[in-house]
There are 2 protein chains.
Amino acid sequence: MKKLIGNAVVGQSGGPTTAINATLAGVIRGVLENVHDSSIKTLYGMRNGVEGLLEENLVNLNEVFENEHNIALLENTPAAALGSCRKKLPDPAKDTEVFEKLLSIFKKYDIRYFFYIGGNDSMDTVAKLSAYTKDHDYEMRVLGIPKTIDNDLVVTDHTPGFGSAAKYIATTMLEIIRDCAVYTTKAVTIVEIMGRDAGWLTASAALGRAVFGISPDLVYLPERYFDMQAFFNDVRKALETHPNVVVAVSEGIRFADGTYVGEGTQSGATDVFGHKYLSGTGKALEIAVKNEIGCKVRSVELNISQRCAAHIASLTDISESVNVGRAAVRAASEGVTRQMMTIVRTSDSPYTTTVGHSDVSEIANKIKTVPDEFINEQGNDVTDACLAYLLPLIEGQTTVEFISGLPAHFII
Amino acid sequence: MKKLIGNAVVGQSGGPTTAINATLAGVIRGVLENVHDSSIKTLYGMRNGVEGLLEENLVNLNEVFENEHNIALLENTPAAALGSCRKKLPDPAKDTEVFEKLLSIFKKYDIRYFFYIGGNDSMDTVAKLSAYTKDHDYEMRVLGIPKTIDNDLVVTDHTPGFGSAAKYIATTMLEIIRDCAVYTTKAVTIVEIMGRDAGWLTASAALGRAVFGISPDLVYLPERYFDMQAFFNDVRKALETHPNVVVAVSEGIRFADGTYVGEGTQSGATDVFGHKYLSGTGKALEIAVKNEIGCKVRSVELNISQRCAAHIASLTDISESVNVGRAAVRAASEGVTRQMMTIVRTSDSPYTTTVGHSDVSEIANKIKTVPDEFINEQGNDVTDACLAYLLPLIEGQTTVEFISGLPAHFII
């Protein structure tokens, strides 16, 4: 493979995660390690993904990351240090303006390596850019590096960012179960978890069962239609065995007619101006249980901590996230292009993985949902096979640097 | 002081916290250390506070905690390992039945030491029980040990449990601020924090400013009336300086007419002590900002993790919580009764404390709110003096035992 000498650019796109900066750190490490090869000279960071790139809003990362301490801090910093965007590139057959602009910027900065860390939509950007530059005879190696807390990308065993979200959710569920256990009054606690189309995060709520035999009484994923009567029966049955019932539900659960559970029910509550508002999934179920069963009920939405609780990140996830970034640089320097980096599970016990890559067009715009064998027959819990798949991903704790009791983050 | 030989009972009451089990561990440690003195023979734990005591639902803690590892695990277990209750004892002048029952149980089990770990309402129980037993010539030393994440007890410098909640809130705010910073679109994120009458927890949201110069743009405590127009102006002004505005609000903020901001979204239900249930404050403000300013808005409720996120507990808080429990046993064995243990700050820099005690009747049913000098003039932030008071309380990290990536808890 011909040695391609030039500069590189890296960007972050889509919703932030706890591990997307670890992957950025991996790309930086990869470029620094690449120095002996000297094919990549300068690594630029695009601020706010392609949105910033189009405005030439670039930062020289070789200068920012002169010392190891900054890179280590970046690995433990949540969200996207370079900023993110939700920009989707147009169809190049219909609208060439954006692509012409990008090509001129690549030429101006002698960009020969393009690394894009993101989810499904970002892989679409990678596919389009690699096709466009190839068609216009501009040699640039374009690689996508996955990240998403949702774990819904195909081909890769799991996605960087997911393990840390899963660890936060499983840890928080154990703490909530302890908290709920203190009173003797019958009560139902409904915990709403992210994941609109895939139930991987909600499944993680049950991980405590594999370790301590402690998990929510009921777990509902969006992969199964939600039946309100079956739910009431499940809750009633659980209340017969102990007073504090804990339920984990995906925000994306839907009725058989396709409407979201959180969409169909109005809470009846009003704001200070008297406006009614639509409640979320947890709130909708809270009201339903209150009306139907009449016991004490509350709902808890884990919300954005699921994607940014870096203080309880998974060491496995962060290490793998660094590795996929580093491997992307190595692969690109060896000639790989138009691929998304993947994590390949090579053994279950002991858990081992390697980094691979796969044609990005096979990955973009597809969704990997939780398979049938990971969900129990009644559709109200996950199977032990599911927990066995998930468990290695939350293993290990990162070394967070605390200053005066608070975690230090790195800001570019 | 005459040596009082007999058994002891310890209970936990009121809302659980991250540190209430550390205090229980402290009482257990105190009793084990008291062995040479041999005034306390058996330490019973009452399940679900006085509620369980009335049913003689007792557990022999000497047997449960034969090994050090269990005590250490208990120190890092959130919620109330013995279970809790919200039972308020009646006025003994009007209703003696409960007190007669309790006295007979004290006699039956030869209980001469009564330790009750709880908040404001629990101190009321301590005051009534010590008065009743004294009036009935039953010698029993009755001590209250404070716990509450709200930090709203008078006399004590701060309450066990508060520092860990403050650390969780400050850490989570820093992570949320990072998460919010990734996009360039104007957006307001409203974070609702616990604290019905006192703003201590909400004030802690600003702690990042003292360490990294990073904190929410606006902080609203229940100690100031909330003015919707002033709030809109504050948000507009903040949006002029940067696109991602983060607001911390107490669940308990009220308008000048006394109505809660979140009241419109609630049923008006109250708990057994007459406290109003609140939880819609962030949601109410989210809708208000959406209607008035029209930008992207979301609200986040930190919810029960504030009182149970043991994985990010404050070492200072957990150590002090153990110490007050241990000191209570020592004080009781020395003859102290009808007192609540207190934390006395002996120096600000370096931060040092000792454990003291104070007449429980001076503490019960009073509330310590955030003082004027801790709130800025506009009523939309806290002062540096406030942060200086708070900062030592979140210092240090506990050593959590992880098994397969999840924190281990101790269940009695």
*Expressed as an acute angle from 0 to 90° and rounded to the nearest 10, what is the orientation of the C-alpha long axis of helix B:281-292 relative to the principal long axis of chain B?*
10
*asked:* Please give the charge dipole size of the stretch A:166-308, origin at the Cα centre, charges +1 on K and R Cβ atoms and -1 on D and E Cβ atoms. Round to the nearest 20 debye.
replied: 280
*Put a point 7 Å out from Cα along the line to Cβ at A:Glu33; what are the distances to that point in the other copies, in nm, shortest first?*
5.0
*Using Cα pairs closer than 8 Å and at least 6 residues apart in sequence, work out the relative contact order for chain B, in percent.*
23
_Neighbour cut-off at most 14 other Cβ (10 Å), DSSP loop, trypsin sites (Lys or Arg not before Pro), the stretch B:324-412_ = B:Lys366
*asked:* At a 10 angstrom cut-off on C-beta neighbours, averaged per residue, how do the peptides A:90-103, B:174-187, A:291-304 rank from highest to lowest?
replied: B:174-187, A:291-304, A:90-103
*On Cα atoms only, tilt of A:315-333 relative to the major axis of chain A in degrees*: 30
*Given springs between every Cα pair under 10 Å in a Gaussian network model of chain A, which of A:Leu61, A:Leu207, A:Leu43 has the largest fluctuation?*
A:Leu61
*Can you give the average number of partner chain beta-carbon atoms within 10 Å of each beta-carbon in peptide A:297-303, as a whole number?*
4
*Quick one: what does P(r) look like for the stretch A:166-308 with 10 Å bins over all Cα pairs, in whole %?*
12, 43, 36, 9, 1
_Pick from B:Val322, B:Val245, B:Val142 the residue whose mean-square fluctuation is largest in a GNM of chain B, springs joining Cα atoms under 10 Å._
B:Val245
*Sort shortest first the distances from A:Asn376 to its counterpart in every other copy, using label points 7 Å along the Cα-to-beta-carbon line, and give them in nm.*
5.2
*What's the center-to-center distance, using Cα atoms, between the stretch B:133-163 and the stretch A:15-91 in Å?*
53
_Angle in degrees between helix A:20-33 and the longest Cα principal axis of chain A, rounded to the nearest 10_ = 30
_Lysine pairs with alpha-carbon atoms under 30 Å apart, the stretch B:165-308, spacing 8 or more or separate chains_ = 14
_Average projection area in nm² (convex hull over Cα atoms of the protein assembly as shown, one quarter of hull surface)_ = 35.8
*Computed FRET value (nearest 0.05) for A:Gln378 with A:Asn67, which takes r as the C-beta separation and R₀ as 60 Å*: 0.65
*Share of antiparallel DSSP beta bridges in the protein assembly as shown, in percent to the nearest 5?*
35
*What are the distances, in nm and sorted shortest first, from the label point of B:Arg330 to the label points of the same position in each other copy, with each label point placed 7 Å from Cα along the Cα-to-Cβ direction?*
5.7
*Rounded, prolate or oblate (a/c below 1.5 giving rounded, otherwise prolate when a/b exceeds b/c) for the stretch A:304-352 by Cα gyration tensor*: oblate
*Quick one: Cα centre-to-centre distance for the stretch B:345-412 and the stretch B:170-211, in angstrom?*
18
*Over the stretch B:139-274, relative contact order from alpha-carbon pairs under 8 Å, at least 6 apart, %*: 24
*Rank B:Pro222, B:Pro243, B:Pro16 by mean-square fluctuation in a GNM of chain B with C-alpha springs under 10 angstrom and give only the top-ranked residue.*
B:Pro243
_Need one number: convex hull volume per residue for chain B, Cα atoms only, in Å³._
147
*Under a cut-off of 26 Å between alpha-carbon atoms, report the lysines in cross-link reach of A:Lys134, not counting same-chain residues fewer than 8 places apart.*
A:Lys2, A:Lys3, A:Lys41, A:Lys87, A:Lys88, A:Lys94, A:Lys101, A:Lys107, A:Lys108, A:Lys147, A:Lys366
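Readers should treat all values here as calculations from the given coordinates under stated rules, not as data from a laboratory. These numbers were taken from a predicted model, which means no experiment stands behind them. Glycine also receives a Cβ, built like all others from the backbone with ideal geometry; neighbour counts cover every protein chain displayed.
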